[in-house]
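Engineer: Quick one: the structure is below, questions incoming.
Readers should treat all values here as calculations from the given coordinates under stated rules, not as data from a laboratory. Just so it is clear, the structure is predicted and the values come from calculations on it, not from any experiment. For neighbour counting, all protein chains shown are included, and Cβ atoms are generated from backbone atoms with ideal geometry for every residue, glycine included.
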Amino acid sequence: MPYEAISVFDIFKIGVGPSSSHTLGPWRAAQRFLNTLSEKNILQDISSVRVLLYGSLAKTGKGHGTDVAVQLGLCGDDPVTFAVDQIDPKMRDIASMKKLVLHGKHEIDFDPAEDIEFLMTETLPFHPNALTFLADTRQGDSIAETYYSTGGGFVVKEGEIISSADAAQLPFPVNTADDLLHWCIKTGMSISEIVMENENAWRSEKETKEKAWQIWKVMQECIYRGCHTSGMLPGGLEVKRRGAGLNKRLIAGRPYDDYESWVKTIRSGGKDFTYTLDWVSCFALAVNEENASFGRVVTAPTNGAAGVIPAVLQYYITFCGSDNGAAQQEKILQFLLTAAEIGSIFKKGATLSAAMGGCQAEIGVSSAMAAAGLTECLGGTQKQVMMAAEIAMEHHLGLTCDPIGGLVQVPCIERNTMGAIKAITASQLALQSTPDFAKVSLDAVIRTMWETALDMNHKYKETSDGGLAVNVPLSLPEC
């Protein structure tokens, strides 16, 4: 059976908030369109560019920053490195001057208000997150390309055919949880060890470890920054940031200077249940408040669910793990490799896109990933790891995506706290259980999630046409 080769670093991507499908994906699509223009050697001949946004990208694109993302992408900026504090000034410059410098090389007339169209009533059949780039040359020629942002920052070009022969040849190909369990039983290796062997098909083990550590450093910095930044979130919803205030109350005046001393200060407060619970919520709030503010985050597996995995991993480091640097780094690697594999199985068997599957595809998947990673770090067996992932998703089935005002704020930010807590609970349940007696398998819950996604009304799939989005009276600009 053909398999889809997905790397850990396809699941975990460094980027900019607030949405992987509505911000990072369109940004990457714009970069790919630039590549086409460069490959055709017509970049310098382009006289105009228009962008058409369809479906969910149109309905919630303003609140999710889709218009911002495509402009930055067309400018040739990269979401991994672009200075996030320069986003607003750059958008103001483009809007006021009505000029855009394609790929940072070729200036064209461009008015965002006119040249980015939000087609609210049109949806393309392949996926709700669709966008088309239209370019004209000075010679009168035209070029058009359509892309689909399929969730988690993954982008597919219309008509693109990817041959299985082009895929990395993995020693342990996996499409399903049963495939993964088969390799674990056959080799006796843990899930993270299986994943590492597969990653060796792309790069050396040393490079994989370095890239994983970079992923954690971005998560870590995001948590710390979010726990020390107060104020109001952008977008007009007037949502007050809570992470910094909660951090201040929980720290209760104890001194610290940086991330490392902060963690030690948190540990010094003990392990009381409510104290630990509050910190997990604080970690998750901090990340997603940064995400909602166009901050730098790690897609895990999406931006809307970016707080769950960092919060649970930070919980492990703070309250469960070792102070030893080498041992801690090894556990962080285990966590990320295990979590990523679970996320890739969900992508293959269902979806990571809220526009396709509701919030079960975002918070539900991230909670399952976090539960799996935590369980392996706490010494769980391969079957217990998969059981933890199953439990976490089972209790997110049917979760809708209904962002108020089209913003990744309410209920999205709090949902990350709930996803993190459910992940920890699922892990504890699995560690205290015998998986051989479980009634529901991970593959069964993935299949159920996909069937639920297909049955879910479109109003609850990141359109802001139903749920809280229409039942909370607010005066907001049209999104």
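Engineer: Show the residues, 5+ positions off or on another chain, whose built amide H is closer than 5 Å to the amide H of VAL155.
Structural biologist: Distant-sequence amide H within range of VAL155: THR150.
Engineer: Within a Cβ distance under 12 Å of LEU246, other residues only, what is the Lys/Arg minus Asp/Glu net charge?
Structural biologist: Summing Lys and Arg as +1 and Asp and Glu as -1 gives +3.
Engineer: Shifting gears a bit: Would you please give the residues with an amide H less than 5 Å from that of GLU362, counting only those at least 5 places away or on a separate chain, with H modeled from the backbone geometry?
Structural biologist: Close amide H contacts, sequence-distant or interchain: none at all.
Engineer: Next question. LYS13: which aspartates and glutamates have alpha carbons under 19 Å from its alpha carbon, excluding same-chain residues fewer than 8 sequence positions away?
Structural biologist: Straight-distance partners of LYS13: GLU4, ASP77, ASP78, GLU199, GLU205, GLU207, GLU210, GLU221, GLU289, GLU290, GLU341, GLU362.
Engineer: With a sphere of radius 12 Å drawn around the Cβ of SER433, what net charge do the other residues whose Cβ falls strictly inside it have (Lys, Arg +1; Asp, Glu -1)?
Structural biologist: 0
Engineer: Using log10 I(q)/I(0) by the Debye sum over Cα atoms at q = 0.06, 0.11 Å⁻¹ as the read-out, say which of (1) -0.31, -1.00; (2) -0.47, -1.02; (3) -0.25, -0.87 was calculated from these coordinates.
Structural biologist: Matching entry in (1) -0.31, -1.00; (2) -0.47, -1.02; (3) -0.25, -0.87: (3).
Engineer: On to the next question. What's the longest bit of the chain with no exposed trypsin sites (Lys or Arg not before Pro), using DSSP loop states and at most 11 other Cβ atoms within 10 Å as the test?
Structural biologist: Here the longest run is 272-438.
Engineer: Work out the length of the dipole vector of the chain about its Cα centre, built from +1 on the beta-carbon of each Lys and Arg and -1 on the beta-carbon of each Asp and Glu, and round it to the nearest 20 debye.
Structural biologist: 1080
Engineer: Ordered by residue, what ³J(HN,Hα) values in Hz, to whole numbers, does the stretch 44-57 give under the Karplus form 6.51 cos²θ - 1.76 cosθ + 1.60, where θ = phi - 60° and Gly and Pro are x?
Structural biologist: Coupling constants for the stretch 44-57: 6, 9, 5, 9, 7, 9, 10, 10, 10, 10, 10, x, 5, 4 Hz.
Engineer: Okay, moving on. Take HIS182, project a point 7 Å from its Cα along the Cβ direction, then tell me which residues of the stretch 1-30 have their backbone nitrogen under 13 Å from it.
Structural biologist: Under cut-off, by backbone N: 1-4.
Engineer: Let's test the formula: R0 of 30 Å, r as the Cβ-Cβ distance of ALA144 and ARG203. What FRET efficiency results, to the nearest 0.05?
Structural biologist: Result of the calculation: an efficiency of 0.25.
Engineer: Which whole-Hz couplings ³J(HN,Hα) result when phi for each residue of the stretch 301-312 is put into the Karplus expression 6.51 cos²θ - 1.76 cosθ + 1.60, θ = phi - 60°, listed in order with x for Gly and Pro?
Structural biologist: Rounded to whole hertz, the list is x, 10, 6, x, 10, 5, x, 5, 5, x, 5, 6.
Engineer: Between ALA83 and HIS458, what length comes free when the chain is fully extended (0.36 nm per residue of separation minus the Cα-Cα distance, one decimal in nm)?
Structural biologist: Value of the extension gain: 131.5 nm.
Engineer: At 7 Å along the Cα-to-beta-carbon direction for both SER261 and THR274, put a label point, then send me their distance in nm to one decimal.
Structural biologist: 3.0
Engineer: Give me the percent relative contact order of the chain, please, defined on Cα pairs under 8 angstrom at least 6 residues apart.
Structural biologist: 19
Engineer: Another question, then. I want to check the label-to-label distance for ASN35 and VAL440. Put each point 7 Å from Cα in the C-beta direction and report it in nm to one decimal.
Structural biologist: Between ASN35 and VAL440, the label points sit 3.9 nm apart.
Engineer: Percent of alpha carbon pairs in the stretch 401-453 separated by more than 12 Å?
Structural biologist: The proportion of pairs with Cα distances above 12 Å equals 75 percent.
Engineer: Kindly provide the helix-only [θ] at 222 nm of the chain, computed as the sum of -39,500 (n - 2.57) over DSSP H runs of four or more divided by all residues, to the nearest 500 deg cm²/dmol?
Structural biologist: Result for the chain, helices only: -15000 deg cm²/dmol.
Engineer: Tally the DSSP beta bridges in the chain and give the antiparallel ones as a percent, rounded to 5.
Structural biologist: Here the share of antiparallel DSSP bridges comes out near 85 percent.
Engineer: Using the 10 angstrom Cβ neighbour count as an exposure proxy, how do ILE317, ILE191, ILE42 rank, fewest first?
Structural biologist: Ascending number of Cβ neighbours within 10 Å: ILE42, ILE317, ILE191.
Engineer: I would also like to ask the following. Of the chain, which part is the longest with no GluC sites (Glu not before Pro) in a loop (DSSP not H, G, I, E, B) and with at most 16 other C-beta atoms within 10 angstrom?
Structural biologist: 239-477
Engineer: Of LYS186/LYS217; LYS62/LYS461; LYS348/LYS461; LYS271/LYS347; LYS62/LYS105, which ones are farther than 24 Å apart at the Cα?
Structural biologist: LYS186/LYS217; LYS271/LYS347; LYS62/LYS105
Engineer: I need the phi-derived Karplus couplings for the stretch 215-222: 6.51 cos²θ - 1.76 cosθ + 1.60, θ = phi - 60°, integer Hz, Gly and Pro marked x.
Structural biologist: These are the phi-based 3J(HN,Hα) values: 4, 5, 4, 5, 4, 4, 4, 5 Hz.
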